[in-house]
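**Student:** Quick one: the structure is below, questions incoming.
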Amino acid sequence: MAAKGMEIERVARDGGVRIPKSVLELVGAEEGSYFLITANQQYGEIVLHAIGDPSKMLYEIKAEMTDVPGSLGAFCNILGNANANIESVMQMPSGKNATVIFVVDMGKAKTPREKLVDVLAKAKNVLKVEMRPLSP
C-alpha cells in the first residue's frame, strides 16, 4: 500500500501525467487549478506546486533580475502598490541573475496590466518582464 499522497503513474505518449484524485485532494486542487512545475535535473525530480484558485483573475509574471539584496523586495512593493495580490512566488538563481515566477491575482488591481508590466520592467535591477493570463 502506497503512503498517503504517493502514487506511481506512467508518462503518456503526449508527455502528460495523470495525477490521482486522492493526491489532488490532499493539496485542495480541483478541476481548473493551476500548478507551477519545476524540474531539478541534478536530482531527477519534477515537482508540482499548487499555486492558485481557478476562480481568481490569475496572471503569471516571469521576471529576470540581478540577484542582489533588495531586488525582489522592490519588485514585490510595485506589485503591492498596484494592488496585485501575490499568490505564489518561485525564485531560480542562475549566477549573477535570478528568474522569478510570480502568480498574481489581478482581480482588485488598481493599475492596468500593460502599465504594470512597463513599471515593473523599469524597476532597478530588472532585466526582463513577461506577463501572461492564466485564467480563461
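Let's see how each residue does on (1) surrounded by 13 or more Cβ atoms within 10 Å (Cβ to Cβ); (2) aromatic (Phe, Trp, Tyr); (3) under 16 Å from the mean Cα position of the chain (by Cα):
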{"residue": "Leu58", "(1), (2), (3)": "yes, no, yes"}
{"residue": "Phe75", "(1), (2), (3)": "yes, yes, yes"}
{"residue": "Ile78", "(1), (2), (3)": "yes, no, no"}
{"residue": "Ala109", "(1), (2), (3)": "yes, no, no"}
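**Student:** Turning to a different aspect of this structure: Filter the range 43-71 down to the residues that are small (Gly, Ala, Ser) and over 18 Å from Val103 (Cβ atoms) and list them by number.
**Tutor:** Gly44, Gly70, Ser71
**Student:** Could I ask something else about it? Do we find that Pro69 is surrounded by fewer than 13 Cβ atoms within 10 Å (Cβ to Cβ) and touching a Leu at 6+ places or on another chain (Cβ under 9 Å) in this structure?
**Tutor:** no
**Student:** Checking Glu64 against (1) exposed (fewer than 14 other Cβ atoms within 10 Å of the Cβ); (2) at pLDDT 95 or above; (3) not aliphatic (A, V, I, L, M), only one condition comes out false. Which one?
**Tutor:** Of everything listed in (1) exposed (fewer than 14 other Cβ atoms within 10 Å of the Cβ); (2) at pLDDT 95 or above; (3) not aliphatic (A, V, I, L, M), Glu64 misses just condition (1).
**Student:** Please enumerate the residues belonging to the range 1-45 that are more than 18 Å from Ser88 (Cα to Cα) and of a type in the set (Gly, Ala, Ser).
**Tutor:** Ala2, Ala3, Gly5, Ala12, Gly15, Gly16, Ser22, Gly44
**Student:** I'd like to check something: does the range 31-43 contain any residue that is surrounded by fewer than 11 Cβ atoms within 10 Å (Cβ to Cβ), of a type outside the set (Phe, Trp, Tyr), touching a Pro at 6+ places or on another chain (Cβ under 8 Å) and part of a loop (DSSP other than H, G, I, E, B)?
**Tutor:** yes
**Student:** Can you tell me which residue among Asn83, Asn77 is out of contact with any strand residue (DSSP E or B) (no Cβ under 7 Å at 6 or more places or on another chain), modelled with pLDDT of 95 or more and more than 17 Å from Val126 (Cα to Cα)?
**Tutor:** Among Asn83, Asn77, only Asn83 is out of contact with any strand residue (DSSP E or B) (no Cβ under 7 Å at 6 or more places or on another chain), modelled with pLDDT of 95 or more and more than 17 Å from Val126 (Cα to Cα).
**Student:** Now a separate question. Suppose we keep only residues that are out of contact with any strand residue (DSSP E or B) (no Cβ under 7 Å at 6 or more places or on another chain) and within 22 Å of His49 (Cβ to Cβ) within the range 86-107. Which one would you say is surrounded by the most Cβ atoms within 10 Å (Cβ to Cβ)?
**Tutor:** Gly107
**Student:** Within the range 3-49, which residues are of a type in the set (Gly, Ala, Ser) and either over 30 Å from Met106 (Cα atoms) or in contact with a strand residue (DSSP E or B) (Cβ under 6 Å, 6 or more places away or on another chain) (or both)?
**Tutor:** Within the range 3-49, Ala3, Gly5, Ala12, Gly15, Ser22, Ala29, Ala39, Gly44 qualify.
**Student:** Sort out which residues of the range 70-121 are in a loop (DSSP other than H, G, I, E, B) and not hydroxyl-bearing (Ser, Thr, Tyr), and write them in order of number.
**Tutor:** Listed by number, the residues that qualify are Gly70, Ala82, Asn83, Ala84, Gly95, Lys96, Met106, Gly107, Lys108, Ala109, Lys110, Pro112.
The values are calculated or read from the model by the stated rules, or taken from the named source; none is laboratory data. Bear in mind the structure is a predicted one, so any value in this text is a computation, not a measurement. Positions of Cβ are generated from backbone atoms using ideal geometry, with glycine treated the same way; all protein chains shown enter the neighbour counts.
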